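For reference, the structure discussed in these notes is given below.
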Amino acid sequence: MTTRQGTGATSDIDALATLKLAAFERIEADFRDSFVFVSAVHGQRRFDAFPVAFTVRYLHALWICDCKDRLLNVPRSIRRYEGRRCLELLHSWHDGETSQVVGFLHTKLDSLPFAQLTQQIIEAERSGYTSLATRLAHGRLILLNRSFNLAQALAAIFTPTTDALQGQVRSACIQYGHTPEQLREQLAALDTPLYAHIRHAELARRNMLVMNAMGVCVANNAADRPGQRTERVRIPVAPTSPPFAEVEIPGAMTLSSMANNNPQKLDLAMPPLLLDGLELLGGARQVVH
């Protein structure tokens, strides 16, 4: 009975994994575009303008990335996308609640450690770690781009009147498939077994393949290509001097013959055993064969 229940449970998990893979295939193209867009907003690109439609797209992209994590069962120990929160923000934005969206953007794109990075760059330059200083300076520019993008997004939100802003929000929500009815359905879907966490090898394999490809796509720039590496990622160099104690181990050898495995140089594998006990009794020494 126990075996049958285990087999049935495994079959249910396999069926759910198949449904998850099929659901991901339907959003895979959207996920690839969304992942690149989120990376751009987070500093890979400095936008000259960031209209309200881009903010809606940013919330949509975070939700899509969260759906990918849920479908392919990425561990949720770190809340990096907050897809449910993004849907809730879009739903309230339909009704004119802008302050929560502004707070969310501020949390995601602000509070950046410019002072600490600048100090680390100075210390690296003083220590002669030019490659490390260069990488830190590149990272500081990425964070600066993120700060610029936040300013552009807030400017687009603060400039129009309340009615004009609400019209832009609703128009963009229709474009990205987030009408109030759709938002309610999307929020309810997150509570279904399709988006629940299960462990399955095929889901993990699919996630690794997808993210390997996306990592190459996002890091395809001059600063992230192999070049002058920092100390932490430098290619290892084999030592030129020999080790202190080196013993060369020959290939496999059969040492069962008397010619090899015979440290006492005996003629027979089982030599005669000498018994000295009789000598103690006054008898002659005997040899037992």
Distance-filtered residues of segment 20-35 - backbone nitrogen under 19 Å, label point 7 angstrom along HIS197 Cα→Cβ: 20-21
Can you compute the charge dipole magnitude of segment 123-172 about its Cα centre, using +1 on each Lys and Arg Cβ and -1 on each Asp and Glu Cβ, nothing else charged? Give it in debye, rounded to the nearest 20. 120 debye
For segment 57-159, state which trypsin sites (Lys or Arg not before Pro) are in a DSSP loop and have at most 14 other beta carbons lying within 10 Å of their beta carbon. ARG76, ARG79, ARG80
Based on the alpha carbons, how large is the Rg to Rh ratio for segment 59-183 when Rh follows Kirkwood? 1.10
Using only protein heavy atoms and a 1.4 Å probe, report how much of LEU187 is accessible, in Å² to the nearest 10. 30 Å²
Heavy-atom accessible area ranking, 1.4 Å probe, most first, across MET214, MET208: MET208, MET214
Treat every Asp and Glu Cβ in segment 101-203 as -1 and every Lys and Arg Cβ as +1, leave all other atoms uncharged, and give the resulting dipole magnitude about the Cα centre to the nearest 20 debye. 300 debye
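The values are calculated or read from the model by the stated rules, or taken from the named source; none is laboratory data. Keep in mind it's a predicted model, so treat the numbers as computed, not measured. Note: ideal-geometry Cβ built from the backbone for every residue, glycine included; neighbour counts use all protein chains shown. Note: accessible area is taken over every heavy atom of the protein model, side chains too, but ligands, DNA and RNA are not part of it. Shrake-Rupley method; radii C 1.70, N 1.55, O 1.52, S 1.80 Å.
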